[in-house]
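Beneath this line is the structure, given in structure tokens, with notes to follow.
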């Protein structure tokens, strides 16, 4: 069988109906190599780890180590929200490690091969030499570079240079409404980090990271409030930054809508449990802010 793909075929799918089970046979030498590789890669390190644990277990069972462990567990029980905050922060940093530690950016012009910015060919921005691009797999990751980032620059200039509200975007379609069309992000507290720095890409990255941390922390608080079970809440704080949405929409403006949504649920849960009075009014006001 010969399969030929055309240049415009970027996600071809081939389905073959064999009409029955397909039996695969592995050569004995290949099977031996596979077994040996599994033995040296996984079995031996695990056995060595177990022996090392037996050696140091007596030290770990010492009174000093037990006292330190009890101190840690006592602090976790006394400060569940601080524990969730630490777990959410660590998992967020781990999920964004290319941006935090290796100089990558959510607004990189290499994110999407369809990005055409100042120039019609790559590299598309001045002073840039890298022409490699990522495969977006059909995700709309151009929105941040084509709209959200330029809009933040327009808003920043209106506020800091012209000292006026950014009501109108004169650079798009001969002029379109900017404030009030639901996508300018004006009014989002995290967005003011970007506006005060004239749309800096570095502060955009910080906004993405803080929004994901807000998502992890607030969704863990929802679980803690609803179930009163700290381990379940900690699992949510550790795992939520790795959901598939962040792999698919990792730079899209919808990123921020999702990250703020658990705050609304949290306000509802706290409002239900709050005694009627000032605390009720507080959570109603917090719900308005979250929305």
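Throughout, read-outs are computed from the coordinates displayed, never taken from laboratory work. Here the structure is a predicted model, which means the values were calculated and not measured. Note: ideal-geometry Cβ built from the backbone for every residue, glycine included; neighbour counts use all protein chains shown.
Data table
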item	result
Contour excess over end-to-end distance, with Cα ends at residue 29 and residue 132 and 0.36 nm allotted per residue	33.1 nm
Prolate/oblate/rounded call for the chain, Cα gyration tensor, a/c under 1.5 rounded	oblate
Modelled FRET efficiency - R0 35 Å, residue 284 with residue 86, Cβ distances, 0.05 increments	0.75
Prolate/oblate/rounded label for the stretch 67-178 (Cα gyration tensor, a/c 1.5)	oblate
Full-stretch length increase - residue 162, residue 248 - with 0.36 nm per residue and alpha-carbon distance subtracted	27.2 nm
Label point distance in nm, residue 268-residue 174, each placed 7 Å from Cα along Cα→Cβ	4.4 nm
Whether the stretch 1-85 is rounded, prolate or oblate, judged on the alpha carbon gyration tensor where a/c under 1.5 counts as rounded	oblate
Descending Cα extents along the principal axes, the stretch 244-291, whole Å	43, 17, 7
Top of 171, 42, 248 by mean-square fluctuation, Gaussian network on the chain, Cα under 10 Å	42
Within a Gaussian network of the chain (alpha carbon springs, distance under 10 Å), most fluctuating of 243, 264, 219	243
Most fluctuating residue given options 269, 70, 52, as computed from a GNM of the chain linking Cα atoms under 10 Å	52
Residue 48-residue 146 pseudo-label distance in nm [points 7 Å out on the Cα-to-Cβ vector]	5.2 nm
Sum of -39500 (n - 2.57) over DSSP H runs of 4+, divided by residues of the chain (222 nm, nearest 500)	-17000 deg cm²/dmol
Expected-Rg normalisation [2.2 N^0.38 Å, Cα atoms] applied to the stretch 158-269	1.29
